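The values are calculated or read from the model by the stated rules, or taken from the named source; none is laboratory data. The shown structure was predicted, so the numbers you read here are calculated from the model rather than taken from an experiment. A quick note on method: Cβ atoms are made from the backbone with ideal geometry, for glycine too, and the neighbour counts reach across all protein chains shown.
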Amino acid sequence: MTFYSSIGKPGPFQIIKGDMPGRIDHPVTPPRRRYLCKNYSLCLDLAGVLNWDNFTCRGCCGEVDESLLWKARQVLRKDRSLKRLFSLPQVKTYTSPSQRDISNQDPTIKEGLK
């Protein structure tokens, strides 16, 4: 557990272009990043796969948003050349208890669930 795990929600968070204007009277400030976070490398890969210009760790609890991971895996499935550049973990999938009970009772139903 990290010292910031009790705050925020899973990240990373995309920075929209209008969030950081680059005018002279309003200079660009670098986004807040947690370089020592255990998921920083994964967040970099997510931002790359999802083609984000920038991202921030501000407001993140130190965990990765599963929905972003799922979206990025879908992009990798469509564009296999990205697989050489980025590595993402498998998305966790869950089976409902009713499906487990049914598949244990009748082998013909088990085949239909696959």
Subject >> Which numbered condition GLY11 fails, given (1) modelled with pLDDT of 90 or more; (2) surrounded by 11 or more Cβ atoms within 10 Å (Cβ to Cβ); (3) within 26 Å of LYS83 (Cβ to Cβ) >> reply: (1)
**OP:** Considering only the range 25-76, state which residues are in a strand (DSSP E or B) and small (Gly, Ala, Ser).
**Re:** GLY62
Original post:
Among all residue pairs at least 6 apart or on different chains, which show Cβ distances below 8 Å where the first residue, located in the range 44-69, is over 16 Å from LYS83 (Cβ atoms) and among the charged types (D, E, K, R) and the second is crowded, with 20+ Cβ neighbours inside 10 Å and at pLDDT below 90?
Top reply: ARG58/PHE13; GLU63/GLY11; ASP65/GLY11; ASP65/PRO12
Subject >> Within the range 55-72, tally of residues that are buried (at least 16 other Cβ atoms within 10 Å of the Cβ) and either more than 17 Å from CYS37 (Cβ to Cβ) or out of contact with any strand residue (DSSP E or B) (no Cβ under 7 Å at 6 or more places or on another chain) (or both) >> reply: 4
Subject >> Filtered residue count, the range 25-43, keeping only those that are under 19 Å from PHE86 (Cβ atoms) and either among the aromatic types (Phe, Trp, Tyr) or surrounded by 15 or more Cβ atoms within 10 Å (Cβ to Cβ) (or both) >> reply: 7
